[in-house]
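The values are calculated or read from the model by the stated rules, or taken from the named source; none is laboratory data. In this text the structure is predicted, and so the values were computed from the model without any measurement. A quick note on method: Cβ atoms are made from the backbone with ideal geometry, for glycine too, and the neighbour counts reach across all protein chains shown. The protein model used for the area step is the full one, side chains on, heavy atoms only, and it has no ligands, DNA or RNA in it. Shrake-Rupley method; radii C 1.70, N 1.55, O 1.52, S 1.80 Å.
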Amino acid sequence: MPPASSASRPVVVLTGASSGIGLATAEELAAQGYALVLAARRADTLRDLARRLDPSGSRVIAVPTDVTDDASRRSLLQFAHDHFGRVDVLINNAGVTVEKGWWWDDPDPLRVVRVNLEAPIELTRLVLPDMQARGNGHIVNIGSVAGRAATNGMYSASKFGIRGFSHGLRRELLGSGIDVSLVAPGFVQSEMTAKAKLPMPGPEVVARAVADVLRRPQPEVIVPRVYAALALMNSVAPKLGDLLVSRVVIARRYQHGGKGK
């Protein structure tokens, strides 16, 4: 558990904080005493959450943010520095997917890459100089099992990318005092998976995994753990993976068949 004093309390910037995994993570970390800078596009929802978690407004603040916009990203981090003086932890959680149909029929499929991969890279680039100067910090990227066992071309591209970025960055920063962790969920209940006809745990399982890696940094954690076995199966038996993904994930998650139109 973080220290109780406000001066030494770890300061966390959390994107995508207004719903799903981000909301559950905000609640988990607030309960453990972290100082939080909550970022998301839905301003009213975000501010209501911040007030609920910390009515005083001193320990949890809301900063409406579009993570795909450079000025908005810089403003988010400036608010964090103005209020708390530093950023100890950056949790890149904001994420989107192509909700319906095939990604190639979507009018703007590359928004998935902008939100899920480009934004975390840019936010990381902005927080690193101060972390390096202080010799400590932690970057936590929320990936996906779809970054190991591909399911949707655009979404998986972004999650394969964030996995590669996370592991590469971790090695680039070895010995610097800055940790890099990837938390890779399978299907959990959220707005993104609301229409999926799959058995899913709540997002709290991911929130607890994030809290755990903040206490005990690890390179990569898959949650729920059963998905680690599925990722391994996909690697050693790709044809079986094809069958599982096409008949279970694609058909049930995206409500269309596995052969395109």
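The table below gives the values:
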| quantity | calculated |
| --- | --- |
| Residue that is nearest to Ala133 (Cα to Cα) [pool: residues in segment 59-80 that are free of Cβ contacts under 8 Å to residues at least 24 places away in the same chain and of a type outside the set (A, V, I, L, M)] | Gln78 |
| Hits in segment 12-34 - residues which are over 16 Å from Arg208 (Cβ atoms) and surrounded by 21 or more Cβ atoms within 10 Å (Cβ to Cβ) | Val13, Thr15, Gly16, Ala17, Ser18 |
| Unmet criterion (only one of (1) open to solvent by 10 Å² or more (accessible area, probe 1.4 Å); (2) in a helix (DSSP H, G or I); (3) without any contact (Cβ under 8 Å) to a residue 24 or more places away in the chain; (4) farther than 23 Å from Val112 by Cβ) for Ser56 | (2) |
| Lone qualifier among Leu117, Leu123, Leu110 - being of a type outside the set (Asp, Glu) and surrounded by fewer than 16 Cβ atoms within 10 Å (Cβ to Cβ) | Leu110 |
| The lone exception for Ala80 - which of (1) at pLDDT below 95; (2) surrounded by 23 or more Cβ atoms within 10 Å (Cβ to Cβ) it fails | (1) |
| All positions within segment 138-148 that are surrounded by fewer than 24 Cβ atoms within 10 Å (Cβ to Cβ) and part of a strand (DSSP E or B) | His138 |
| Residue in segment 92-109 that is touching a Leu at 6+ places or on another chain (Cβ under 8 Å), more than 21 Å from Leu182 (Cα to Cα) and touching a residue at least 12 places away in the same chain (Cβ under 8 Å) present | no |
| Of all residues making up segment 35-48, the number that are in contact with an Asp or Glu (Cβ under 9 Å, 6 or more places away or on another chain), of a type outside the set (Lys, Arg) and open to solvent by 10 Å² or more (accessible area, probe 1.4 Å) | 0 |
| Residue satisfying all of: in segment 154-182; among the hydrophobic types (A, V, I, L, M, F, W, C) and in a loop (DSSP other than H, G, I, E, B); surrounded by the most Cβ atoms within 10 Å (Cβ to Cβ) among these | Leu173 |
| Condition broken by Thr151, with the remaining ones in (1) without any contact (Cβ under 8 Å) to a residue 60 or more places away in the chain; (2) open to solvent by 10 Å² or more (accessible area, probe 1.4 Å); (3) among the hydroxyl-bearing types (Ser, Thr, Tyr) satisfied | (1) |
